[in-house]
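The values are calculated or read from the model by the stated rules, or taken from the named source; none is laboratory data. Quantities reported herein were computed from a predicted structural model and do not represent experimental measurements. Glycine gets a Cβ as well: all are built from the backbone with ideal geometry, and neighbour counts include every protein chain shown. Accessible surface areas use protein heavy atoms only, side chains included; no ligands, DNA or RNA. Shrake-Rupley method; radii C 1.70, N 1.55, O 1.52, S 1.80 Å.
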Amino acid sequence: PKYTKWTALVASITIFVLAIFIGFEIITKVPPTLHTPLMSGSNAISGISIVGALLSTALGANWFASLLGLLAIIMATVNVVGGYMVTHRMLSMFQKR
Amino acid sequence: MLDSHIIVNLVYLVAAVMFIFGLKMLAHPRTAVRGNMISSIAMLIAVVVTAYLVFADGNATWAGWLLIGIGLTIGGAIGVFLAVKVEMTQMPQLVALFNGLGGGASVFVASAELLGLTDAEATPDVMLAIGISGLIGTVTFWGSLVAFGKLQEIDLFEKPLPIPAPQAFNAVLGVVLLVLVAIMATTGMGWPFLLIILCATALGFTLVMPIGGADMPVVIALLNSYSGLAAAATGFVIDNNVLIISGSLVGASGIILTQIMCKAMNRSLVNVLFGTMQPGGGPAGSDD
């Protein structure tokens, strides 16, 4: 079979759609005390754009692209590091009660 | 056979599965702490293996590595500082702020990619993904900042917008944005991206500004879902599976969480989506 760019795109769309379905199914009943930690924890996951930020900084087409990448790294790292730590802090507060 | 891209993508798959388990465990009281741990380790794995990818690629300059080091150090320091210093009562606005930064990061990655595109690479799918990433990411960024400002009780964000018909204004903005994205996708031109950023900035403000402070947790949950979708769109831009999986995971589960929070607060999701919540303090539900 002949693999083209479009083959890869269809594969990506397949992954996207299936992951959407997993996302819908994964969360069912959440006790109200976990609403905010869950929001915070999943927010930290959306900081995954840090991966894209690393790639575009190191392999950027020119200095301006690398600069935008640097800004992206800083923002995404705050999101990731802060997000996980804050979630942990919230959860440990509940456990003490 | 096993070149670096294959190894990296397999490790990305491991990270993605760990995100799924982590998120699932985070929704249950007994496993929540461990779930968050697993998810954070997955993130670390994704970052480390991406650094390996850059290393194996061999095209990174020392300046590139330096920028990575600087970025991770500054971002990490700010993240730790905020997470440790902020008071427990200010957690919701901190989450809003983090969420906005995540959305902003997606926009910058998409912008950096757009800068490096050759004409041959500017195919409809890539341009569509860049446009959508810029659109959703910018709305997330400014919307989250407004949510942050409202929860922080900054006066500027408490005032009503000087727009006579906000609903119609949002609808027009939305249509303009879709047209701009369509122009990018069909023509392969980059300039509409700047207009997308501009209009999406306005939309981020006009969507969240009219909503009352009591409803902010629901809005942040929704914006969290958006930032996931922005990351997924960025995944399509750079053709990266871990971004697509994690982003869509957060995007979809974020919608469900929004719905759950709406129910807890006696709100309807449709009203949130179209920004027709009652301003001011509505009846707060069992949440918080």
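Here are the numbers for the structure shown:
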read-out: Scope the range B:108-122; condition more than 8 Å from every other protein chain (Cβ to nearest Cβ) and part of a helix (DSSP H, G or I); matching residues; value: B:Ala110, B:Leu114
read-out: Leading residue by the ranking (farthest from B:Val8 (Cα to Cα)) among those in the range B:45-68 that are at pLDDT 95 or above, open to solvent by less than 60 Å² (accessible area, probe 1.4 Å) and more than 7 Å from chain A (Cβ to nearest Cβ); value: B:Ile45
read-out: Any hit, the range A:12-28, residues being within 7 Å of another protein chain (Cβ to nearest Cβ), touching a helix residue (DSSP H, G or I) at 6+ places or on another chain (Cβ under 6 Å) and touching a residue at least 40 places away in the same chain (Cβ under 8 Å); value: no
read-out: Residue ID - nearest to B:His28 (Cα to Cα), chosen from residues in the range B:239-269 that are surrounded by fewer than 21 Cβ atoms within 10 Å (Cβ to Cβ) and among the polar types (S, T, N, Q); value: B:Gln259
read-out: Residue match in the range B:89-96 (condition: part of a helix (DSSP H, G or I) and within 21 Å of A:Leu55 (Cβ to Cβ)); value: no
read-out: Test: A:Thr28 is open to solvent by 10 Å² or more (accessible area, probe 1.4 Å) and at pLDDT 90 or above; value: no
read-out: Hits in the range B:179-225 - residues which are without any contact (Cβ under 8 Å) to a residue 12 or more places away in the chain and either within 14 Å of another protein chain (Cβ to nearest Cβ) or at positive phi (or both); value: B:Leu194
read-out: Only one of A:Leu67, A:Leu71, A:Leu9 that is more than 7 Å from chain B (Cβ to nearest Cβ) and either modelled with pLDDT of 95 or more or part of a helix (DSSP H, G or I) (or both); value: A:Leu67
read-out: Some residue of the range B:150-167 being free of Cβ contacts under 8 Å to residues at least 40 places away in the same chain, in a helix (DSSP H, G or I) and farther than 21 Å from A:Gly69 by Cβ; value: yes
read-out: Filter pass, B:Gly76 being more than 7 Å from chain A (Cβ to nearest Cβ), free of Cβ contacts under 8 Å to residues at least 40 places away in the same chain and more than 18 Å from B:Leu229 (Cα to Cα); value: no
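Okay, residues lined up against (1) assigned by TED's automatic domain parsing to the domain that holds B:Glu121; (2) in contact with a Ser or Thr (Cβ under 8 Å, 6 or more places away or on another chain); (3) open to solvent by less than 30 Å² (accessible area, probe 1.4 Å):
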residue: B:Leu178; (1), (2), (3): yes, no, no
residue: B:Thr201; (1), (2), (3): yes, yes, no
residue: B:Phe205; (1), (2), (3): yes, no, no
residue: B:Ile211; (1), (2), (3): yes, no, yes
